[in-house]
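This report concerns only the one structure given below.
The values are calculated or read from the model by the stated rules, or taken from the named source; none is laboratory data. Note that this is a predicted model, so its numbers are computed, not measured. When we count neighbours, we look across all protein chains shown, and the Cβ atoms used for this are built from the backbone with ideal geometry, even at glycine. To get the accessible areas, we keep the full protein, side chains included, count just its heavy atoms, and leave off ligands, DNA and RNA. Shrake-Rupley method; radii C 1.70, N 1.55, O 1.52, S 1.80 Å.
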Amino acid sequence: MLPTTIVIGISMVVTPPLGASTAIASRTHLHHKPHCILILTLRQVTDLLTATQTHTTMPLPPSSQTPLHTRSYSLPQADHRSSLTHLANSEIKHAMSRSSYCKLCSIPRREHSLQTLPVHLSMTESEHPRLILHDFLSPDLCKGFTYKSLDLQELEFIHKSCSTIGYRENVFSTTLSHLVATNSPHMILPFIPIREKLKEKVEEFFGCEYEICIEFTGLISWCKGASIGWHSDDNRPYLKQRDYAAVCYLNSYGVDFNGGLFHFQDGNPTTFIPMAGDVLIYTADTRNVHSVEEITDGERLTLTLWFTRDKSHDEDSKLISSLSKHPLISYETASKPQIPFPASQNMYWFPPEQSSTYETGFDIRYARLHVLGYQICCKDTRVNSSFDFSDILLEPLHLVRGNDLFEKEFSNILHLLQVVQFYHWKGPELKKLEFKMESLNVGPVSMLQCENIRFLKVEILKSEDLAESIFQRGICGENVEHDWVSFCGAVDLWEAYTKKLWHSLVLSLPNWIANQSIFYESDDGSFDLVM
């Protein structure tokens, strides 16, 4: 009998897919802490079984050292599956009894870099199929697949530029259909590589290749006071088409928000503590009933996708239909910067129950500007209480900070907000560049303009304390110290960014229409600040 050498160390068990049977035994130094076992897919199992039938051993990679807390075994090749199943179960029990540190999902994840040696073993079918992927949305994963590399802050920039009132109290959302409707269809492009990667992972984990489509894609932020009780994601008649969910965290618990932890009612792990880049995948039915505890501070931002086997709910086909009817998507507009068009005012007023009277609350676009230290001034300095502020926000506006007024006009409040959020996204990089300005286009605020600014603030930000409680500064622009020189540069760079995305959209759309599918096409269209 030929032996197969196996090295196993366990600190965290990730629930396997239905019918899957394999694992990775991790090889690393963890400062005298136990190791990590991860789950591979059935396809990878087949490859590993083939490898072990043709090779006597599975050696550790070169230059490695013997890992701490591991043991080697010699097993007969004749019955790999049953032998390794028994071995895995024994190791899990041994690790869990050996150290209280081996509780599921409790290991600190960013202190080390894991190297892995694959080993196959059988796993029983899970009653609560779910998968946790730490650091899944990392630059290394998507390098060469999206622009230069994946930037989670780009999605935060899009959300804080374009979001509307969400589906629950203190929740705000940005959907792909909304981006198309507000003349920002080019902003769906940064989503596409991530959507593809997540769909592949869901198909792989649940063994449903070519069976599912994406039903919904959206950026969802939960602010202070937001929560939801026990539920499954298909718990309404109009949600029964949902089969699987993927929740991708774009910021970190304990850093960008507190509270808001994700709890499962049954199975392990019961609680998920996320960091930026982590992904949680699970079935949308009652096998994974869950809740989200109340946010106590900050803003919890996720990219959330649902998947379905029902092709009539395919999000791609609906988006392609809207895009093909869009009047401005053409080769003639491919090289022009595009200005966003706001949706109806009630989609931006918080709390939504006040959107008919505007007696209390605030406009979320203005509130986003306010917490960053900005105000606005309209072109017509004669505004008074007889004016409808919702109409004013659709007209040209100036940006104000302190006693300085930026003299360049923005087409509407959504245009202004996009540029400001772009500046706070790219601020640290902008500081490193040298901008040559013939004139700064910044002047002092006049007395009439002061009255204008005050009036707009009173009308649009009626609950200032509430706005500051709901919207707090997150990772996007947290450390940006404003200066007008770099902001002037950001205005031009926002136009370049918009042109590049719009051009890519115009080139991609014919292929999307032909294939009735939205997919990423590399055209070396990486956006770089050095243009």
Which condition breaks for Pro340 when tested against (1) within 28 Å of Glu215 (Cβ to Cβ); (2) loosely packed, with under 15 Cβ neighbours inside 10 Å? (2)
Pick from region 220-254 the residues that are over 30 Å from Glu209 (Cβ atoms) and more than 16 Å from the chain's Cα centre (by Cα): which of them is surrounded by the most Cβ atoms within 10 Å (Cβ to Cβ)? Ala226
Quick check on region 314-322. Is at least one of its residues at pLDDT 95 or above and farther than 18 Å from Thr175 by Cα? no
Would you please name the residue that is most open to solvent (accessible area, probe 1.4 Å), looking only at residues in region 179-195 that are closer than 24 Å to Lys325 by Cα and out of contact with any helix residue (DSSP H, G or I) (no Cβ under 7 Å at 6 or more places or on another chain)? Ala181
Is there a residue being touching a helix residue (DSSP H, G or I) at 6+ places or on another chain (Cβ under 6 Å) and in a helix (DSSP H, G or I) anywhere in region 339-353? yes
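Residue-wise test of (1) open to solvent by 30 Å² or more (accessible area, probe 1.4 Å); (2) polar (S, T, N, Q); (3) more than 27 Å from the chain's Cα centre (by Cα).
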{"residue": "Ile320", "(1), (2), (3)": "no, no, no"}
{"residue": "Tyr331", "(1), (2), (3)": "yes, no, yes"}
{"residue": "Lys336", "(1), (2), (3)": "yes, no, yes"}
{"residue": "Met347", "(1), (2), (3)": "yes, no, no"}
{"residue": "Glu353", "(1), (2), (3)": "yes, no, yes"}
{"residue": "Thr360", "(1), (2), (3)": "yes, yes, yes"}
Among the candidates His398, His424, which residue alone is assigned to a helix (DSSP H, G or I) and surrounded by 15 or more Cβ atoms within 10 Å (Cβ to Cβ)? His424
